[in-house]
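A short reminder: the numbers here are calculations on the coordinates, not readings from a lab. This one's a predicted model, so the numbers in the text were calculated from it and none came from an experiment. We place every Cβ from the backbone using ideal geometry, glycine too, and count neighbours over all the protein chains shown.
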Amino acid sequence: MYVAVALVTFLMFSQGELDKIIWPTLTMLKIVEIPILQRLEFIVISLWLFVILPNICLNLWGVIRGMKQIFGISQIRALLLLLASLAMGSYLLEGTTPLLMALDFYGKVSIVFIYGYIPLLFLLFLLWGKKRSTARYQTPGAETEKAR
């Protein structure tokens, strides 16, 4: 579905138009006129929720599960805390400018996370694993021999 929408959008708009238009898919839907339905984009946005909702649920589940394992918070409390913070965050982002700034910040943080944090964790895990394996197979020292 993502590929089909992207392909139709790329065929409909030029690169310059895509730079200027904030939501090209909704702009594209304004062209379609059906006499019975005055605002087709309301229906499409409602249906698009079914595409986005599984992704939101999976991300919420992952965050709640992580909060349970890291902080020991029950999943119900973590869910209520997360939903309250999401509701407050969506209330504070009124208008397109704060929303675009938040999306830009989220994009930059995700790039740092993918290309920085995850490889750093991998390297730390490799070093920690080597340290544990060398400590495990060392021969006992003279102090342990005397104790026996």
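Run the quick spin-label model on Val63 and Asp104: label points 7 Å from Cα toward the beta carbon, then report their separation in nm to one decimal.
The two pseudo-label positions are separated by 2.3 nm.
Percent of Cα-Cα pairs per 10 Å bin, from 0 to the last occupied bin, for the chain, please list those.
8, 19, 28, 18, 12, 7, 4, 3, 1, 0
Subtracting the Cα-Cα distance from 0.36 nm times the residue separation, let me have the gained length for Ile118 to Ile56 in nm, one decimal.
20.1 nm
Would you kindly derive the ³J(HN,Hα) couplings of the range 20-33 from the backbone phi angles with the Karplus curve 6.51 cos²θ - 1.76 cosθ + 1.60 (θ = phi - 60°), listing them in order in whole Hz, with x for Gly and Pro?
Whole-Hz 3J(HN,Hα) from phi for the range 20-33: 8, 7, 6, 10, x, 5, 5, 5, 5, 6, 5, 6, 5, 10.
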